[in-house]
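What follows is one structure encoded as structure tokens, with my remarks underneath.
The values are calculated or read from the model by the stated rules, or taken from the named source; none is laboratory data. Nothing here was measured: the structure is a model prediction, and the numbers come from that model. Neighbour counts run over all protein chains shown; Cβ positions are idealised from the backbone, glycine included.
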């Protein structure tokens, strides 16, 4: 097994442990499945038989399986251990899941990019099968029979010729004395799987329904104090002066502590500001309100999102950097004929997971222990080590359950805050962000302007196509000079536009960042799919063509896309294993048309359906959304149909839930997702000014159809969002005649007389 | 000194009377099943019952709770055997689960008022509880099934 699955294309982020996995498209697998660590850091390590990092078996038959990915609702903490259990032929009722701390020995732990299954499926299979082979050998030796005559049967090894049977617990000691085989491990064949493909409900289900589950917000450490931090209102600002006399009078407030501003670029450093330390969360919040701080707002104090929008749009109208080119689109355009142009815009978006940022840390004897709801514990270790000037090995980052993540909790600035404060205060400190802190001080999904242009023939089919996007890049949080999109984000529905058009050019223009930009569920696919799939629908309607038939014509015949001359990272997966196959996109499009009753159902006034199809995170998805728009412009979404080709699906029910959730997430983005700024200050603060979809606004019924496939598994957490939004907007066009080129919908009056 | 009952246990509180119930439950009693989501009664993550009615703990000052009987998720059923919890599990409602204590407390209160809720009743009763993972479809199905179960 190679320790590195794919080599970084750009070196400048290396060393930021897992920080930019999604940016880089590089995922680290654990170094060979070595013997469990004798230091006994997990129950699996401490078990009698611990053949590798991920599995341990005790003499009572308990099987410990390590979950090294973070649980934020995708049920990955269950799904990957389920793979181990299957290959081990273990009884799920006797499994105990161990949540790993941040530790490079597990390989990549940054739970983002919808890649946990595809990166670790083989590793988990190997981990379980290795243990199983040792148990078989131990039993065979005890019985004095050839191992080939033995097999496993749910938590036991059996010898059918003599009807003998030994449980895994009974074999653990003998198996632990055997050498760990490093090669020749036989994996189950898919027909032998007990759990894979059938799925398993969340290991934590009872705890999640009884209030017992422990999130970051719920951590309690002896002697801890509570902190609430007044951050500089403008990113890059700093404290000029502070008067904390009134704050210190609040009952329960102990002290105030300054935190240094970050040194650009921000990366995952604390933002700086003044922390109020108190005996409970409420006292900390109250004390904070009494702080009198004068700020130096710094260079971003002139940032105005309305002005910035105009700048982005102007940039998008001018030639940009060419990131993919075939044929000669420009010469076709210059000949005149039917040429259509359109501009699209998607604002900054906030993650707003239900659990605001929170972390607890204890600095003691030169070492730091953190408890955090983090998607990225190794990045937490790295930034804490840097902030405290200690070795990364002296930082222990425990991972709690996450009350939502959506990419925000891959950025451990809030964990670093707790660490810095604990060192200064000399006690364990819990840092609790308010919802206002969460929304104002997010790493926002980039605002983007897209300019689209197509020349079409007599039947409306494009003969030339130009698309240009402009957005402040995520790389700007690591590199102050970054203004162009990097390949890892330009790949997301942009350089891989799959259309069969002879003259096709893809461009990207520059945009400086004035806030922290970060990845959010589906990332650049959100704005890119919105532009491409809405423009496609516009062209279909202009040509008087059926949108499904037209979309299929643009996708063209089944073929594998050729990316020669394009810097296309393919989400960190190699193109041989995960080729870009237009036939699979066609297939999901055709099936969703059939499942949704496309062309067969009748819709009344103010109603209609729209379609979009998109590949992201190696998964092919088509969505049909049905919408009803009232005379007053209120939107209802009675039905959504998704067809998903994610290769082999390990946990189907959980996968369907991810797509149901993606439709709701997409509804929030489309309806009301918008972050704006005046004088560098974010104008939104809570769910009143940054509304997210509620039960009465969300789709009523989302049907998810999974394509049966034995192709390698691909992502399922993110791919549902990108096609949903244009499908919804295309439906609104059918229902109202109003074309949505700008999000959110709250910017457009959809009422009858408007 | 404020006297109240929390999950059947008599309690007295002599701290800041303006402290919201949420922080008393979480930080002082250590009942962390009730969650903080917004602090201004917009998301419902902090939903508890006061005398059987749903209440947003994040904006309810302790001063208003003299003599109140407060019930939190911890007192519903430790093993998840309440019909609403059972259906929450049967329909695999939770994703991250953070909002679900509040959703369950709200759903129990809803079913008390409307034992056979229509879709409109569910919209009206549950719209103040946000689930950012988007589990609404399953919440609706679980509420309907719990209504059947209790019938």
Number of the condition not met by residue A:181 [criteria: (1) under 32 Å from the mean Cα position of the chain (by Cα); (2) within 30 Å of residue A:78 (Cα to Cα)]: (1)
What pairs can you find where one residue is in region A:573-595 and part of a loop (DSSP other than H, G, I, E, B), the other is at pLDDT below 95, and their Cβ atoms are less than 9 Å apart, with a gap of 6+ or different chains? A:573/A:5; A:573/A:6; A:573/A:25; A:573/A:27; A:574/A:5; A:574/A:6
Taking the conditions exactly as written (in contact (Cβ under 8 Å) with a residue 24 or more places away in the chain, within 9 Å of chain A (Cβ to nearest Cβ), more than 23 Å from residue B:37 (Cβ to Cβ) and surrounded by fewer than 20 Cβ atoms within 10 Å (Cβ to Cβ)), does residue B:144 satisfy them or not? no
Checking the condition on the phi < 0 side of the Ramachandran plot, touching a strand residue (DSSP E or B) at 6+ places or on another chain (Cβ under 8 Å) and free of Cβ contacts under 8 Å to residues at least 24 places away in the same chain, which residue from A:314, A:385, A:319 passes? A:385
For region A:322-354, how many residues are crowded, with 22+ Cβ neighbours inside 10 Å, closer than 30 Å to residue A:687 by Cα and either modelled with pLDDT under 95 or touching a strand residue (DSSP E or B) at 6+ places or on another chain (Cβ under 6 Å) (or both)? 5
Could you check residue B:3 against (1) part of a loop (DSSP other than H, G, I, E, B); (2) more than 11 Å from the chain's Cα centre (by Cα) and say which number it fails? (1)
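Yes/no matrix, rows are residues, columns are (1) more than 10 Å from every other protein chain (Cβ to nearest Cβ); (2) modelled with pLDDT under 95; (3) touching a strand residue (DSSP E or B) at 6+ places or on another chain (Cβ under 7 Å); (4) farther than 30 Å from residue A:433 by Cβ:
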site	(1), (2), (3), (4)
A:666	no, no, no, no
A:676	yes, no, no, no
A:684	yes, no, yes, no
A:728	yes, no, yes, yes
Do any helices (runs of 4 or more DSSP H) entirely within region A:395-511 hold 1 or more residues that are away from chain B (no Cβ under 14 Å), in contact with a strand residue (DSSP E or B) (Cβ under 9 Å, 6 or more places away or on another chain) and surrounded by fewer than 24 Cβ atoms within 10 Å (Cβ to Cβ), and if so, which? A:413-425, A:487-490
Could you please give the count of residues in region B:73-105 that are touching a residue at least 12 places away in the same chain (Cβ under 8 Å) and surrounded by fewer than 24 Cβ atoms within 10 Å (Cβ to Cβ)? 9
Filtered residues of region A:691-716 (kept if under 19 Å from residue A:623 (Cα atoms) and within 9 Å of chain B (Cβ to nearest Cβ)): A:693, A:697, A:698, A:699, A:700, A:701, A:702
Grab the strands (runs of 3 or more DSSP E) fully contained in region A:225-321, keeping just those with 2 or more residues being buried (at least 17 other Cβ atoms within 10 Å of the Cβ) and under 32 Å from the mean Cα position of the chain (by Cα). A:225-230, A:273-278
Residues A:221, A:214, A:225: which one is touching a strand residue (DSSP E or B) at 6+ places or on another chain (Cβ under 7 Å) and more than 30 Å from residue A:75 (Cα to Cα)? A:225
Of the conditions (1) in contact (Cβ under 8 Å) with a residue 40 or more places away in the chain; (2) closer than 23 Å to residue A:276 by Cβ, residue A:364 fails just one. Which one is it? (1)
Does any residue of region A:248-268 turn out to be touching a strand residue (DSSP E or B) at 6+ places or on another chain (Cβ under 6 Å), at positive phi and within 14 Å of chain B (Cβ to nearest Cβ)? yes
Meets criteria (closer than 20 Å to residue A:435 by Cβ, at pLDDT 95 or above and surrounded by fewer than 24 Cβ atoms within 10 Å (Cβ to Cβ)) for residue A:214: no
Members of region A:373-394 found to be under 17 Å from residue A:518 (Cβ atoms), more than 14 Å from every other protein chain (Cβ to nearest Cβ) and not in a helix (DSSP H, G or I), listed by number: A:376
Within region A:201-227, residues being in contact with a helix residue (DSSP H, G or I) (Cβ under 6 Å, 6 or more places away or on another chain) and more than 11 Å from chain B (Cβ to nearest Cβ) number 2
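Per-residue answers, yes or no, for (1) more than 23 Å from residue A:177 (Cα to Cα); (2) within 14 Å of another protein chain (Cβ to nearest Cβ):
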position	(1), (2)
A:60	no, no
A:72	yes, yes
A:79	yes, yes
A:87	no, no
A:92	yes, no
A:95	no, no
Restricting to region B:117-141, give me the number of residues that are at the interface with chain A (Cβ under 9 Å from one of its Cβ atoms) and in a loop (DSSP other than H, G, I, E, B). 9
